[in-house]
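One structure is given below, encoded as structure tokens.
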Amino acid sequence: MTLVIENISKKIQNKTVLHNINFELNEGEIVGLVGRNGAGKTTLFGTIAGELLPDFGRIGLNELDYINTTALHDQLFYVDMPDNWLKYYSPQKIKEILKIAYKDFDEDWYDLEITRFDLNNGKRIRNYSKGMRALFMIIVSFASRAPYILLDEPLDGLDVLIRDQVKQMIVNQVIEHNTTVLIASHNLVELDTLVDRILLLKNQTIDRTFSIEGNKNIKKYQLAFVGDKLPEFLRGSGTIIAQTGHIVTIVFNDFVEAIGIKLAGPDFKFVEELPISSEDIFRASFAKEEHAWQQELEEEA
Amino acid sequence: MKQAIRLYTTIKKNQFILALALGVLLAVVSVTSNLLWKNITMKHFSEQFGPVVFGIWIFVGATSVLNDQLKHLDTWLFTQNISRLQLFLTRVILLIVAPILISSLMDIVLTLLTEPKKMIDIISSDATDGVQFFFIASIMAFVYTLIGPIWMKIAAAIFMLVVPISPVTQFEKIDNIFGVKLFEHNDNLQILSANLIILAGAIIIFMIGGYLSTKISVDTVDEAVRIRHLRWPVIIFVFVSMYLTLMLETRSPINSGIIFKNMIIPAIMAVITFAFVFKPTFKLTWDK
């Protein structure tokens, strides 16, 4: 089973928020969705789930039209965060409702997890702490047993210990039930350890899809340059993440042989390749914006 | 459709139980007053029981729909395995049709137990009031579907109740103004015709509301008019309905002065509506 997002476009108040979005979600995958604030991640989730009607494009589940085939809608679970109806009800009442909404709702597992994490079954969700609410959202999402789950900032507000347990829960559920999970998050460090691949939402579209292993031409270096001035080509071909005196950490978005030759030249005293993370790829993808922003700051200073 | 009714009933179970309890309480008050103070103050209470109960229930239902929007329940229901039209119809059935039918039935049963002679009058009164409430509810459903923000929904509902609905539910006014005896309240057949026309009108309005509900996307929830093509028609409607209502209520002979005078308030209302619908920003600057 594959969820196909095909040429989805959406305008909100005459402003294009999504433009020709294309990607597929396959069975048993955990996929990350990243983008800057206001890039349209929540709009994309809302459009896939059916809250928003797309202006153009198709969302399909295999060959079927997902949007217009309402019978398929229990195949996907998504609840808007942070404002949603769940917070006005207790876990007990929510179970009663979701048992009707999702035909495969796993009541036993739901009860077990509510007890395991010591969540008060009779208390309304809005009276929970932020972390407990986030935890409850994950439990309720997987209890639905929907094959597709969309999670918006699921690890937000969780302390380190709970976060580890939740991450383990997500992985276990995906393995056990072959669930497909699409996670929107700003926390790229967390995503690195959880997802199979990441979709980057930029300029209203999916700019690139990447996995850490699959990006051979994105490279990260720490280097020490000779002389007082930073070699000019570095600014043009990479994103400087950190600079302390002559020591520079830089990510090259498109590392080509010519850059390698220059780095091996006499301008540098020391060059070392570092392991790349999603955060580095994210920075590299927004290199131009970051460069312009840095220049602005320098000019202001 | 079955799934939509099951889901919505489960969500609203507690409210339905409370509303039913309120209805039963009113029934007890009605019967008690009827038995104990038959010839004193509560004389007409039993005759009003049905319309009072379904009036209260429909009002509770309308509040509950606003609450759904406030709680973002609508947003979630749009993602469920029920269509937007099914959700609309479910609300019509559970929050409008069921209250009218159940309270009328309660009224009939109570009348049968206490004053069987009044049976025909009660049925006739419940049917007439039921049709009128059904018509008012159809307008409310249309307004709730088309208008985005909650306070605008309430304002629009009040406007509709005060301006275009009241003349429609009082057909005799048309007789007075045009001098044509279209409907006579003494004539049962005329009342039946009037009610059938109102019922047909309500069904048409519900159909339009149902169609519009399929075009509503969550991102327009802050828009005064959620369907872009209907923004100008809404402004024109505000002007025309207000103007016609004022003209119909004018008792003095119509002359050019009255025609223009009656345009002032509708024009102000239309301008206010325009401001909320199109949100124009006026730039005041001396810069060239």
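Name the residue that is surrounded by the most Cβ atoms within 10 Å (Cβ to Cβ), counting only residues in region B:207-233 that are facing chain A (nearest Cβ under 10 Å) and more than 20 Å from A:Asp80 (Cα to Cα).
B:Lys215
Just one of A:Asn127, A:Asn62, A:Asn68, A:Asn120 is open to solvent by 50 Å² or more (accessible area, probe 1.4 Å), at pLDDT below 90 and at positive phi; which is it?
Testing whether each residue is open to solvent by 50 Å² or more (accessible area, probe 1.4 Å), at pLDDT below 90 and at positive phi leaves just A:Asn62.
Within region B:108-120, is there a residue that is within 14 Å of chain A (Cβ to nearest Cβ) and surrounded by fewer than 18 Cβ atoms within 10 Å (Cβ to Cβ)?
no
Just the residues that are in contact (Cβ under 8 Å) with a residue 60 or more places away in the chain and polar (S, T, N, Q), please, taken from region B:233-274.
B:Ser241, B:Thr245
Scan A:Asp280, A:Asp254 and give me the residue that is part of a loop (DSSP other than H, G, I, E, B), at pLDDT below 80 and either surrounded by fewer than 16 Cβ atoms within 10 Å (Cβ to Cβ) or not hydrophobic (A, V, I, L, M, F, W, C) (or both).
Of A:Asp280, A:Asp254, the one residue that is part of a loop (DSSP other than H, G, I, E, B), at pLDDT below 80 and either surrounded by fewer than 16 Cβ atoms within 10 Å (Cβ to Cβ) or not hydrophobic (A, V, I, L, M, F, W, C) (or both) is A:Asp254.
If a residue must be open to solvent by less than 50 Å² (accessible area, probe 1.4 Å) and within 11 Å of chain B (Cβ to nearest Cβ), how many such residues does region A:19-55 contain?
Selection size over region A:19-55: 11.
Would you check which residues across region A:56-94 are part of a helix (DSSP H, G or I), facing chain B (nearest Cβ under 9 Å), touching a residue at least 12 places away in the same chain (Cβ under 8 Å) and closer than 16 Å to B:Leu73 by Cβ and list them?
Correct list: A:His73, A:Leu86, A:Lys87, A:Tyr88.
Is there any pair with a first residue in region A:40-55 that is among the basic types (Lys, Arg) and a second that is open to solvent by less than 10 Å² (accessible area, probe 1.4 Å) whose Cβ atoms are under 7 Å apart and which are 6 or more apart or on different chains, and what are they?
Every condition considered, the pairs that remain are A:Lys41/A:Leu33; A:Lys41/A:Gly35; A:Lys41/A:Ala184; A:Lys41/A:Leu201.
Only one of (1) outside any helix (DSSP H, G or I); (2) open to solvent by less than 10 Å² (accessible area, probe 1.4 Å); (3) touching a residue at least 24 places away in the same chain (Cβ under 8 Å) is not met by B:Asn81, so which one is it?
Looking at each condition in turn, B:Asn81 falls short on (2).
If we keep just the residues of region B:1-29 that are more than 9 Å from chain A (Cβ to nearest Cβ) and basic (Lys, Arg), which is nearest to B:Ser64 (Cα to Cα)?
So the residue we want is B:Lys12.
Per-residue answers, yes or no, for (1) assigned by TED's automatic domain parsing to the domain that holds B:Thr128; (2) modelled with pLDDT under 85; (3) closer than 30 Å to A:Ala49 by Cα; (4) open to solvent by less than 30 Å² (accessible area, probe 1.4 Å):
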{"residue": "B:Lys12", "(1), (2), (3), (4)": "yes, no, yes, yes"}
{"residue": "B:Leu26", "(1), (2), (3), (4)": "yes, yes, no, no"}
{"residue": "B:Lys43", "(1), (2), (3), (4)": "yes, yes, no, no"}
{"residue": "B:Val52", "(1), (2), (3), (4)": "yes, yes, no, no"}
{"residue": "B:Thr63", "(1), (2), (3), (4)": "yes, no, yes, no"}
{"residue": "B:Lys71", "(1), (2), (3), (4)": "yes, no, yes, no"}
{"residue": "B:Val92", "(1), (2), (3), (4)": "yes, no, yes, yes"}
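Take the conditions under 15 Å from B:Ser138 (Cβ atoms) and away from chain A (no Cβ under 13 Å) and apply them to B:Ile102. Does it pass? Walk me through how you get there before you give the answer.
On the way: under 15 Å from B:Ser138 (Cβ atoms): no; away from chain A (no Cβ under 13 Å): yes.
No; evaluated as a whole, the condition is false for this residue.
Given the residues A:Val181, A:Val271, which is the only one that is open to solvent by 20 Å² or more (accessible area, probe 1.4 Å) and hydrophobic (A, V, I, L, M, F, W, C)? So that I can check it myself, show each step before the final result.
Values: A:Val181 fails: open to solvent by 20 Å² or more (accessible area, probe 1.4 Å).
Just a single option satisfies the conditions, and that option is A:Val271.
What number of residues within region A:1-11 are over 23 Å from A:Val195 (Cβ atoms) and buried (at least 18 other Cβ atoms within 10 Å of the Cβ)?
Going through region A:1-11 one residue at a time, the tally reaches 1.
Out of region A:95-117, which residues are more than 10 Å from chain B (Cβ to nearest Cβ) and open to solvent by less than 20 Å² (accessible area, probe 1.4 Å)?
A:Tyr110, A:Glu113, A:Ile114
Residues that are among the polar types (S, T, N, Q) and either under 16 Å from B:Leu73 (Cα atoms) or in a helix (DSSP H, G or I) (or both): does region A:143-164 have at least one?
no
The values are calculated or read from the model by the stated rules, or taken from the named source; none is laboratory data. This is a predicted model, so every value here is computed, not measured. Counting neighbours? That spans all protein chains shown, and the Cβs are built from the backbone with ideal geometry, glycine included. What goes into the accessible areas is simple: the full protein's heavy atoms, side chains included, and nothing from ligands, DNA or RNA. Shrake-Rupley method; radii C 1.70, N 1.55, O 1.52, S 1.80 Å.
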